[in-house]
Each structure stands twice: as structure tokens, then as C-alpha cells.
Amino acid sequence: MGLIDFVKDAGQKLFRRGRDEEEAAQNAEKAAALNAERAVALNNVVMGMGLEVNDFNVAVDGEVATVEGTTPSQAEREKIVLLVGNTAGIAQVDDQIAVVTPEPEAAFYTVERGDTLSGIAKKHYGKAMKYMVIFNANRPMLEDPDRIYPGQVLRVPPLDE
């Protein structure tokens, strides 16, 4: 998939912000330590979701996270990318994950103010009632179809998924 853009300030607040970042901007050693700390935090979140991935590795360089490993499906790959990218402080994800059984890629959609899953379904599928397809495609990251936020990036899979 390559490099995917995200909204840097949207998403789960996983990292401490502020003084550590200011110090890291002035000190390469501090920056490396901060990047390593963030990589561990992102790794823990991905592993905690129970997503299937072998030989998973995440590296952080400032606002860019690089993910590597092997997954059994395109859906798992995309969920990992979205989980990492939908973290405040991450602006891009460099996806280097291999898929065992290649499948068509889902579209990515960045939520805008006023969006609902049914509205997104209407735009992409022509039917608002297909919102559960989008909801299920983004589980376990989404726990409630009414809880999406501006800047969040969602998977919108082909209807045959």
C-alpha cells in the first residue's frame, strides 16, 4: 500500500505531548528515545486488538510510523494501518505489511464534521442501510456505529466483503 496520510492531531491520544516533543526537536538522542517509546506504545495497541499479524514490527520517525509483518488478509492489513494511523501524533503510515492471500483493497475515507456511517454508506454504496458493512469492516477499532469523529480514517470495503 505504501505511504498513507492521516490527520496528525486526530485520533487516540496515546502519546505524551508537549515538553518531550520540544526537547526531542533539539536533541537527536531524545528524539530517538521518544520514537522508540512511541513504537512500543503502537505495538502494544496493535497486539492488544488481537489482529492477526506475524513478525510485526513498528518503527516511528517523528510523525511517520512504518509497519512491517505478514497478515492472512487484506482486511487485517488495513485494520493495522488504520489503528496506527488513527493515533494523535502520527501523520503518515508507511505500510510494508505483506498479505498471504491478496484481495481487493478497501477505500479509505476521512470522516468530516457532520458525517455518519449511514451517510458514508450512502455516498459509497448508494444505500444508507449498508452502514453496518462499514462498521463491521472497522471493528474492533469501532465499538459503536454512532461514535466516529472528524479526521478519523475508516475502511470502506467493496460490498462483496
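The values are calculated or read from the model by the stated rules, or taken from the named source; none is laboratory data. Treat the numbers as computed from the prediction; the structure is a model and nothing was measured. Counting neighbours? That spans all protein chains shown, and the Cβs are built from the backbone with ideal geometry, glycine included. Ligands, DNA and RNA are stripped out before the accessible areas are found, and what is left, the full protein with its side chains, is counted by its heavy atoms. Shrake-Rupley method; radii C 1.70, N 1.55, O 1.52, S 1.80 Å.
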Seminar exercise, completed: Heavy-atom accessible area per residue of region 59-104, all protein chains kept, 1.4 Å probe, expressed in Å², is 33 Å²
Exercise. How much mean residue ellipticity at 222 nm does the chain get from its helices, if each DSSP H run of length 4 or more adds -39500 (n - 2.57) and you divide by all residues, to the nearest 500 deg cm²/dmol?
Worked result: -11000 deg cm²/dmol
Seminar exercise, completed: A convex hull over the alpha carbons of the chain yields, per residue, a volume in Å³ of 104 Å³
Exercise. Carbon-plus-sulfur fraction of the accessible area of the chain, 1.4 Å probe, in percent?
Worked result: 48 percent
Exercise. Say each of Met49 and Ala28 gets a label point 7 Å from the Cα, pointing the same way as Cα to Cβ; how far apart are those two points in nm?
Worked result: 3.4 nm
Exercise. Considering amide H positions built from the backbone, and no H for Pro or chain starts, which residues 5 or more places from Leu14, or on another chain, come under 5 Å of its amide H?
Worked result: Ala88
